[in-house]
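Data block below; observations after.
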Amino acid sequence: MSALTDLLQQVVEGIGSGAVYASLALALVLIHRFTGIVNFAQGELAMLSTYVAWQLTASGMPFWLALPVTLAVSFVGGMLVERIVIRPVQGAPELTVVIVTVGLFIFVNAAAGLIWSFTVKDFPQPFPDGGIDLGGVSMDWSTLGIIGVVAAVMSLLYLLFQHTSIGLVMRAVACNPVSARLSGIRVSRVLMLGWGLAATVGAVSGVLVAPVLFLEPNMMGGVLIYAFAAATLGGFDSPVGAVVGGLFVGVAETLAGAYVDVIGADLKVGVPLVIILAVLLVRPQGLFGRAAVERA
C-alpha cells in the first residue's frame, strides 16, 4: 500500500468515526441552542436509548423495526427529562444547571448498571459485512452506513427547521424566548420538543457506535469528549458546525494515532482536549458560531 493510499484509508476511517461524534455533537448543539444549557448527560441518555434498542432486539424484534421504536421512546424520554429534571432549575445560575446535568449523568449511568449490569454485551451490527474497494482504499459498509445515517439525520433536521411551521416556532424560541412568549408561543412546550429531538438524535449516535465499542454503561464517556470537541470547534450554536467539527475531530484523531508515534493509539484521546483548548484560546465561538454581543 502506497503512502498516499494509506493516508486516504486513514481519512476514510476518520470520517466514519467523526460521523458518530457529529451526531452526538448535534444533540449537544440542539439543546444548547434552545436552552443555553450544556448537557453533560447527553452521552448517558444516548447509552440508555441504546440499551432500549438492545432489549428490543434481544426479545426478537428485527433491528430495523426496533430502531424507530427506540427513537420514539428516546423522544418521549427527552421531553420527560426536560419537564421533570431541567424545568425546575430553569433560570437558576449556570453552575446549578451544570451540577444538575452532571447529577443526571451519574444517575442514568448507575440506573443502567442496576438494570442491565456492567457486563459488556454484543450489539447487533445493522449493516452487512464487507465493503467496497476504490483504488486500494477500502470502505466498509458499516462506515458508509454510518455516514449515510448521519447525512439523513442532518437532512431531516434541515427540512424540519426550514420548511415546517413547528421548525419556524422552534427557531423563534431559540433566537429569543422572551419575544416568542410575548408572541403567544408556548415556550415551555417547545423546549420539551427540543429536548426530545436532541435525545432522539443522541440515540442515533449510541446505536451507531454500540456495535464498535460494545454495549456497557460507560461506553459513551469517550464519545462524549469527542462530541464536546466537535461542538466547540464548530460552534455550540451551529448544527452545521457540529457536523463539520465532528468529521474534523474524527479525521484528526485517526491521523494523529496513525502517524504521530508519541501519540499512538493510547494517547489519541488527548487530541480532542488539544482541539478544545486551541479553539477556546483562538476563536471561542467556534468556526461557525457567532460571538455574543452585549450592549455597554
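The 1.4 Å probe gives accessible areas that order ARG181, ARG290, largest first, as ARG290, ARG181.
If you take the alpha carbon atoms of the stretch 193-296 and fit the smallest convex hull around them, that volume is 127 Å³ per residue. Between ASP261 and THR164, the modelled labels are 5.4 nm apart [label points 7 Å from Cα along Cα→Cβ]. Rg and Dmax of the stretch 207-256, both derived from C-alpha coordinates alone, stand at 11.7, 31 Å. With the convex hull constructed from alpha-carbon coordinates only, the stretch 1-89 shows a mean projected area of 8.4 nm² over all directions. Can you find, among GLY206, PHE123, VAL97, the residue sitting farthest towards the positive end of the charge dipole of the chain, where Lys and Arg contribute +1 and Asp and Glu -1 at Cβ? Final value for the positive-end residue is VAL97.
Estimated at the nearest 10 Å², the accessible area of LYS268 is 60 Å² with a 1.4 Å probe.
Choose one answer from SER188, SER49, SER23: the residue with the largest mean-square fluctuation in a GNM of the chain with alpha-carbon springs under 10 Å. Result for the chain, Cα springs under 10 Å: SER188 fluctuates most.
In terms of its Cα atoms, the chain spans 63, 52, 36 Å along the principal axes, sorted from long to short.
Simple point charges give the picture: +1 on the Cβ of Lys and Arg, -1 on the Cβ of Asp and Glu, and for the stretch 73-135 a dipole about the Cα centre of about 380 debye. About its Cα centre, the dipole of the stretch 81-212 is roughly 820 debye, where the only charges are +1 on Lys and Arg Cβ and -1 on Asp and Glu Cβ.
Considering only Cα atoms, the convex hull volume of the stretch 72-218 works out to 159 Å³ per residue. Each residue, ARG83 and LEU156, gets one label point 7 Å from its Cα in the Cβ direction; the gap between the two is 2.2 nm.
Across the stretch 267-278, coupling constants 3J(HN,Hα) worked out from phi with the 6.51/-1.76/1.60 Karplus curve, θ = phi - 60°, read 9, 5, 5, x, 4, x, 5, 4, 5, 4, 4, 5 Hz, and Gly and Pro carry x.
In order along the stretch 226-236, phi translates into HN-Hα couplings of 5, 5, 4, 4, 5, 5, 5, 5, x, x, 6 Hz, rounded to whole numbers, per the Karplus curve 6.51 cos²θ - 1.76 cosθ + 1.60 with θ = phi - 60° and x for Gly and Pro. Taking the charge dipole of the chain about its Cα centre, with +1 at Lys and Arg Cβ atoms and -1 at Asp and Glu Cβ atoms, the residue from ALA111, LEU215, GLY184 reaching farthest to the positive side is GLY184. In the assembled protein chains, THR5 presents an accessible area of approximately 30 Å² (probe radius 1.4 Å).
Accessible area per residue (1.4 Å probe, heavy atoms of protein chains only) ranks HIS32, HIS163 as HIS163, HIS32, with the largest value leading. The HN-Hα couplings worked out from phi for the stretch 40-56 by the Karplus form 6.51 cos²θ - 1.76 cosθ + 1.60 (θ = phi - 60°) are 6, 8, 4, x, 5, 5, 5, 4, 4, 4, 5, 5, 4, 4, 4, 4, 5 Hz, whole numbers, x standing for Gly and Pro. Residue order by solvent-accessible surface for TYR226, TYR158 is TYR158, TYR226, largest first, with ligands and nucleic acids left out and a 1.4 Å probe. Under the convention that each Lys and Arg Cβ holds +1 and each Asp and Glu Cβ holds -1, the size of the dipole of the chain around its Cα centre is about 1380 debye.
Tell me, what does the Kirkwood hydrodynamic radius of the stretch 118-197 come to in angstroms if you use every pair of distinct C-alpha atoms? 16.1 Å is the Kirkwood radius here.
The values are calculated or read from the model by the stated rules, or taken from the named source; none is laboratory data. All figures in this text were calculated on a predicted structure; none of them were measured in a lab. So basically every Cβ, Gly included, is an ideal-geometry build from the backbone, and we count neighbours across all protein chains shown. Keep in mind that these areas ignore ligands, DNA and RNA; they rest on the heavy atoms of the full protein, side chains included. Shrake-Rupley method; radii C 1.70, N 1.55, O 1.52, S 1.80 Å.
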